[in-house]
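Chemist: Got a structure for you, questions after.
The values are calculated or read from the model by the stated rules, or taken from the named source; none is laboratory data. Note that the structure is a prediction, hence the values are computed from the model and not measured. Note: ideal-geometry Cβ built from the backbone for every residue, glycine included; neighbour counts use all protein chains shown. Heavy atoms of the whole protein, side chains included, go into the accessibility calculation; ligands, DNA and RNA do not. Shrake-Rupley method; radii C 1.70, N 1.55, O 1.52, S 1.80 Å.
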Amino acid sequence: MTPGQTPTNSRRPLNPRQARHRYLILLGLRWLPSGMLLPVLTLLPLERGLTLSQLGQAAAVQGLVVFLIELPTGGLSDSLGRKPVLVASGIVSLGGFALIYTADSFLLFAVAFAVQGIYRALDSGPLEAWYVDTVLAHDPDADISGGLSGGGVVASIAIGGGALLAGGLVALDPWSSVEALAVPVIVAAVFRAVSVVATIALLHEAKPRTGWAATSAAVRDVPRVIVGGLRLLRRSKVLQVLIWVEVVWGFGMVAMESLTPIHLADIVSNADDAAAIMGPVNSAAWVASAVGAWLAAVAARRVGAARAAMALHVLLGAAVVGIALSAGAVGLIIAFLVGYIANGAVTPLHMTMLHERATSENRVTIVSVGSMAGQAAGSLGLIALTAVADGASVAAAMGLGGLALALCALLYLPVRRDDRRAGRSDRRDLKASS
C-alpha cells in the first residue's frame, strides 16, 4: 500500500446496538476523569493563592481558547475523522492535568485552563457524531434520541462516580507528600490515559483516512467543511435559535457549576470541608442527572421535546436561585440536586433537536458552533459573575445566573413551532434500543 492511500476497511460495519454499546463505554471513560475535577477545580486555585476574580479570569481563558479553535477542530473532525481527533484530545487533556497539578500562580493556572480549552474544542462532538453517523448509516430513519438519552445517563453516572471518588480521596488524603485537593488530579490523569487506549481499540470508522497525504488533504478540506456548516446554519432560523439557547445556557450554568462549591465553602467556613462534602454531593447530583436524562424520553413522548425543554429550563433557573438563597448546607444540596435533574433531562432533548437539523457532512461543525458559543458565554459568565460575587455576594451572582437559565425557555418557542410543522412531536419515540 502506498503512503497516503486510504485502505479499505476490512471490519464489518457496526450495527446500531454495537455502536450504542461502544458509544456508552467510551462516553463513560471520557467523563469519569472530568467528574473527578469537579469538586476541586475551583477550590485548588483558591487554596494556592488566587482570588475569586483571578480564578474567574484564569478559567475564562478556557472558554476563549474554545471560542477561537472550536470551528477548526470541528471541521477537522468532519474532514479527517472522529477517531484521530478524539485520540488527540485525550493526549492534550493529559497535558492539562499535569499543568493543573503543578500550577501555583495566576499565569500557570491560566495556561492550564488554556490547554484544557484545546482539549474541550477537540473533544466537542466527535464521539456523539460518530454514534449518530454509525446508526444513521445502518438505518437513515433510525431514532437517535434514545441513544443520546442513554448517553446522558451514562455520562451523568460517570461524572457522579468521579466526583464521589474525588471527594473520598480528598477526605482520606492518602499521600502525605501531595496536598489533599491535588490527589484527584493525579488519579484523573490515569483514567484519562485509559480512555485514550479504549478509544484506539473500540472506535472503528467506516472509511478511516491514514497516511500523510490523506491527512494533509483532510486538513486542507477543513475550510470547505466549515463554510458548508455555516451556510446550513445561516439558512436555518431554528438552528440559529438552538445556538442562542447554548449561549444563554452557557452563561447561566457558571452559577451552578462554579459558584456552588464557593457558596458551600462560605456556609461551612472551610474549603477542604466543602470539597469533601461536594464529592458525594456531586455524585448524588450526577445520579440525579442520570435520572433526568432517563426522564427526558418520557417527557418528549408526553409533551414534545421543545415544550419539555422549556419547562425544564424554568425549573433549572429556579433551582439555581434556590441554591443562592440557601442559608444552610441541606437547602443548598436539595436545590443542587433539583438543578441537576433538570439539566440532565434538558441536555439530550436539546442535542436531539440539534442533530435532527444537522447533516453527516457537517454534524460536528454545527455542534462545534454551539459549543463555541456556549464556551464564550461561559467565559463571559465567569468574569461577570465572579466579579459580582466579589463586589456584592455569591448569592447575587447565582441569582443572575438562575434568571438567565430560566429565560432560555422563551428561545425554544420557534423550535416548538417547527416541530409541530414537521410532526416531530408526534412521531419522536425515544426507544432505548436506538
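Chemist: In square angstrom, what is the accessible area per residue of region 356-421 with a 1.4 angstrom probe? Mind showing how you got there, number by number?
Modeler: Numbers: 2460 Å² over 66 residues.
In whole numbers, region 356-421 has 37 Å² accessible per residue.
Chemist: Moving on to the next point. Enter the angle in degrees (range 0 to 90, nearest 10) between the Cα long axis of helix 413-422 and the first principal axis of the Cα atoms of the chain, meaning the one along which they spread out most.
Modeler: With both axes taken from Cα atoms, the answer is about 30 degrees.
Chemist: Using only helices, what value at 222 nm comes out for the chain when you add -39,500 (n - 2.57) per DSSP H run of length 4 or more and divide by the total residues, to the nearest 500 deg cm²/dmol?
Modeler: -28000 deg cm²/dmol
Chemist: Per residue of region 79-88, what does 6.51 cos²θ - 1.76 cosθ + 1.60 with θ = phi - 60° give for ³J(HN,Hα)? Whole Hz please, x for Gly and Pro, Karplus curve as stated.
Modeler: Residue by residue, region 79-88 yields 8, 7, x, 6, 4, x, 5, 5, 5, 4 Hz.
Chemist: Could you tell me what percent of the accessible area of region 8-92 is made up of carbon and sulfur, with a 1.4 Å probe and every protein chain present?
Modeler: Here it works out to 63 percent.
Chemist: With Cβ to Cβ distances under 14 Å as the rule, what net charge do the other residues near G378 carry (K, R +1; D, E -1)? Mind showing how you got there, number by number?
Modeler: Details: positive: R120; negative: E70, E246, E257.
Taking every other residue near G378 into account, the sum is -2.
Chemist: Compare the peptides 387-397, 280-290 by average per-residue count of other Cβ atoms within 10 angstrom and give them in order, highest first.
Modeler: Listed from highest to lowest mean packing, they are 280-290, 387-397.
Chemist: Heads up, I need the accessible area for D104: 1.4 angstrom probe, whole protein in place, Å², nearest 10.
Modeler: Per-residue accessible area (D104): approximately 100 Å².
Chemist: In degrees from 0 to 90, rounded to the nearest 10, what is the angle of the helix 363-391 Cα long axis to the longest principal axis of the chain?
Modeler: Around 10 degrees separate the two axes.
Chemist: Along region 200-205, what does the Karplus equation 6.51 cos²θ - 1.76 cosθ + 1.60 (θ = phi - 60°) give for ³J(HN,Hα), rounded to whole Hz, x for Gly and Pro?
Modeler: Going residue by residue, I get 4, 7, 9, 8, 10, 9 Hz, with x marking Gly and Pro.
Chemist: I'd like the carbon and sulfur percentage of the solvent accessible area for region 116-192, probe radius 1.4 Å, heavy atoms only, ligands and nucleic acids excluded.
Modeler: Taking all protein chains in place, region 116-192 shows 64 percent carbon and sulfur surface.
Chemist: Hey, another quick one. Which residue fluctuates most in the GNM of the chain (Cα springs below 10 Å): S269, S124, S79?
Modeler: S269
Chemist: Rounded to whole Hz and in sequence order, give me ³J(HN,Hα) for region 247-254 from the Karplus expression 6.51 cos²θ - 1.76 cosθ + 1.60, θ = phi - 60°, writing x for Gly and Pro.
Modeler: Couplings: 5, 5, 4, x, 4, x, 5, 3 Hz.
Chemist: Rounded to the nearest 20 Debye, what is the dipole magnitude of the chain about its Cα centre when Lys and Arg each give +1 and Asp and Glu each give -1 at the C-beta?
Modeler: Values: 32 positive and 26 negative charges, 385 e Å.
For the chain, the charge dipole is close to 1840 debye.
Chemist: Helix 394-411 versus the longest principal axis of the chain: what is the Cα-based angle in degrees, 0 to 90, to the nearest 10?
Modeler: The angle comes out at about 30 degrees.
Chemist: OK, next. Taking a 1.4 Å probe, which of K237, K83 shows the most accessible area, and what order do the others take after it?
Modeler: K237, K83
Chemist: Taking the Cβ of A345 as the center, what net charge do the other residues with Cβ under 14 Å away carry, scoring Lys and Arg +1 and Asp and Glu -1?
Modeler: Taking every other residue near A345 into account, the sum is +3.
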